[in-house]
Amino acid sequence: MYLSFYQLTHKPFQITTDSKFLWLGEKHTEALATLKYGIQEDKGFLLLTGDVGTGKTALIKLLVKTIDVAAIVATIPDPGMEAIDFFNFLAAELHMNRRFTSKGDFLIEFKQFLLKAYSNRQKVLLIIDEAQRLSVEMLEQVRLLSNIELENRKLINIFFVGQTEFNRILLDERSKAVRQRITISYHIEPLRETETPLYIRHRLNIAGARREIFTTEAIQQIHAFSRGYPRLINIICDHALLTGYAGGARAIDQNLIRDCEKELRLPDTAAAAGADRSGSHPTPSASTADAPAVWTRTISWKLPAALVFLLLLGFTSLMIYQYRSPESQRWSLEDIAPQSYKGRSSAPAADEPPAAAEGGEPSDGQPASKPIPPVAVAGSGSPPEAVSSEALAVNPFARGRVIIFFPYNSNDLTPQALAALDQIALFLKSNRDAKASIRGYTDSIGSITYNISVSQFRANSIKSYLAGKGVNAANMDAVGLGPKSPIASNDTPEGRQQNRRVEIELGQE
């Protein structure tokens, strides 16, 4: 997309972890040194905490790659499982080549494994990522693994990596035994304002930038939006480069960042939900105004009526609470970037991504029976039909709405989708009174808040692209509807892929 426009060789702000782009600030350097010391000195239990998007996973990958000792490393990416499943996953990570049906069998084999590693002068490191998903009971099971030791030497180092909520689990009285055994801990803070420019310029330099692309004021605005969280910095910078490319902006300034910030804010779903339901309530009649007079006639009605009113009020408040999103809420790691691993025991092949739900929950893990085209058209009530950008050249909407599909686990637009959007932009610019309705959708699995967030983000991205191509933004309406109006069944991988889409249609307000 924007690589050649900005003379870059790689995308500098990908959300996925890439070690070549890793920038170590003062906090990350100190954390790395502290954790290396803990492993080299066999300190037993280590702890790394930090908020979502502070770079914990990237730091751990670098730690494993640069550790100066011979080590066997096992990583548990999602510990939220039953004990026997945890033990079998650990056995698979350690290549023990056996599946266990009981905890006793596993411990016997595991002890032999640790003793063999010790005789070969190898350290064993167990990294438990997303440690905040551990139950107190499972945490105790992990602690008992460390009891396999020699008189003067630990045979395994256990490394907890988690969000700050994990500290609450450790403070539970039932977790006292684990808490007392943690000898090395470090908490990663977001980047300071002085570090954000260094982070951005480092990633741009690695990506091949030959000049300054972001102005000083733009970087200050980025820090204000992201509050120094590297993941949020990546998100808004990538969005800014795409928007700048679409609008032909060679330099990213403060105003462009502000526009992107508006696009990345979550909608007030409570207001939207209220608007959807407003038409279903009848307007109070004139007799309603006389209701207090009726209440004064029979005092025995007061208490039951008040109870009914309170029950209805509580139920309504609960429904609104479940669907609301605070106006100040912004994109976080879970909201924008679905994770490729959410409890799977094995990674999918590169050419056959699993059909995971938008909400990050695992599905049946089977690839779709046939690939989903990046662009399709569909008339009223008709199924989507694949179409090329050339077929959209005259009037993209002649055959109905244009549908843009998104690849698995991605918010990127394919080259075919961009070509189709270029045709749509040409049409809308030549028909200046035409209004376009942009609707984002997801599959139905996962939380409603997450699904609405993702669908709104994708709809806003397309609106930004079209606006950058010269389309009047006032003539475009972008809304994220989450799992509403599926065009295929959510019970199949192929159906879920088809439901992850953005539809563009004329004449819809």
Please report the relative contact order for the range 195-264, taking Cα pairs under 8 Å with a sequence separation of at least 6, and give it as a percent rounded to a whole number.
37
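Relative contact order of the range 26-188: what whole-number percent is it, with Cα pairs under 8 angstrom and at least 6 residues apart? Can you show the working numbers first?
Values: 244 pairs, mean separation 63.6, N = 163.
Taking the mean separation of contacting Cα pairs over the length of the range 26-188, I get 39 percent.
Distances longer than 17 Å among the Cα atoms of the range 404-478: what percent of all pairs is that? Before the final figure, lay out each step's value.
Numbers: 1248 of 2775 pairs.
Distances greater than 17 Å cover 45 percent of the Cα pairs.
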How big is the shadow of the Cα convex hull of the range 195-264, averaged over all directions, in nm²?
4.2
Quick one: of 262/435; 435/484; 20/43; 116/176; 56/123; 56/463, which pairs are farther than 25 Å apart, Cα to Cα?
20/43; 116/176; 56/463
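Kirkwood-based Rg over Rh for the range 149-230 (C-alpha set), two decimals?
Values: Rg = 20.3 Å, Rh = 16.6 Å.
Computed over Cα atoms, the ratio is 1.22.
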Highest mean first, what order results for 231-239, 174-182 on Cβ atoms within 10 Å?
231-239, 174-182
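Express the Stokes-Einstein translational diffusion coefficient of the range 26-188 in µm² s⁻¹, to the nearest whole number, given a Kirkwood radius over alpha-carbon pairs, 20 °C and a viscosity of 1.002 mPa s. Please report the intermediate quantities before stating the final value.
Details: Rh = 16.0 Å.
The Stokes-Einstein estimate is 134 µm²/s.
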Where labels lie 7 Å past Cα in the beta-carbon direction, separation of residue 183 and residue 26 in nm:
2.9
Inter-label distance for residue 430 and residue 192, nm, one decimal - labels placed 7 Å from Cα along Cα-to-Cβ:
5.7
Mind checking the range 119-172 for trypsin sites (Lys or Arg not before Pro) that DSSP puts in a loop (not H, G, I, E or B) and that have at most 10 other Cβ atoms within 10 Å?
121
Could you state the number of Å between the C-alpha centres of the range 160-180 and the range 379-442?
50
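Bear in mind that the values in this text are calculations on the coordinates, not laboratory data. All of these numbers come straight from a predicted model, not from anything done at the bench. Note that we place each Cβ from the backbone using ideal geometry, even for glycine, and neighbour counts take in every protein chain shown.
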